[in-house]
Amino acid sequence: MKPSLAASILATTVTAALLVGSCSAALAAEPAGSAPSAPATTAPRTLSSVQALGAGATAARISALDKAIPRVTANAYLSATDKDRVLGTLNGDRAAMVTLAAKIAADTDLTVAKADYHSIFTGYRVFAVAIPQSLYAAAASGLQDAAIPALLSAQATLVAAISGPLASKDTPAIDATMADLASQIRSAQQSVSGVSVFALSVTPEQFNSNHEILAATRASVKTAAAAAKKARADVASVKAALT
């Protein structure tokens, strides 16, 4: 394979690899509490127990937000509009957790303290909505705006090579891998389409009514990332066969 062609495919493959890896890492970064969370099944019976639970719940969310906010700030693929929206939600939720922590600690009435504690889960949904939707939007943007275009570029380079200077090296196996490459890219494109917009539109109120509202979104991002990873492997396979 000519050095220039090899370098071109290598560059796009490396770009796609980095981005697909970052998308997988984004999904892996979901906090352990990102599954539907709710107050303890057995209602606390004393003011001090509510306050202790409230302190723990707000501290856990503040800690998770303190990790999520810098990641979003540093993300190069979220559009400015989406980044502002995500950061607005995350920073707003962090401020709310700080306020709630102080309020619950200062509450003198058990009923009021219970209501404040309950609002941690129903009013903000840090683990179930805010952080997951930011991760899904970031992963989708990275795939849609960078990883998939890099794969398309590698595909075009390979097609040009096989139909031109390296036509003599073409084989049925290479053709089958190229067909799979095209299929995987289409799968990634279709799976990730509209994901970011929908993910960022979900509210805590919607999640309260339907705890599975983001399940399909997460599945779509995972499907797209897996397809992009397979496409990257196809590119590497054809490149090796043409070398």
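The values are calculated or read from the model by the stated rules, or taken from the named source; none is laboratory data. All of these numbers come straight from a predicted model, not from anything done at the bench. Cβ atoms come from the backbone with ideal geometry, glycine included; neighbour counts cover every protein chain shown.
Things to note:
- Where ARG125 falls short, out of the listed (1) touching a helix residue (DSSP H, G or I) at 6+ places or on another chain (Cβ under 8 Å); (2) on the phi < 0 side of the Ramachandran plot: (2)
- Hits in the range 56-102 - residues which are under 14 Å from the mean Cα position of the chain (by Cα), touching a residue at least 60 places away in the same chain (Cβ under 8 Å) and surrounded by fewer than 18 Cβ atoms within 10 Å (Cβ to Cβ): ARG71
- Qualifying residue in the range 44-56 (condition: of a type outside the set (A, V, I, L, M, F, W, C) and at pLDDT below 90): yes
- Only residues that are within 30 Å of TYR124 (Cα to Cα) and touching a helix residue (DSSP H, G or I) at 6+ places or on another chain (Cβ under 7 Å) were counted in the range 171-202, giving 8.
- Every residue from the range 191-205 that is without any contact (Cβ under 8 Å) to a residue 24 or more places away in the chain and surrounded by fewer than 17 Cβ atoms within 10 Å (Cβ to Cβ): GLY194, VAL197, SER201, GLU205
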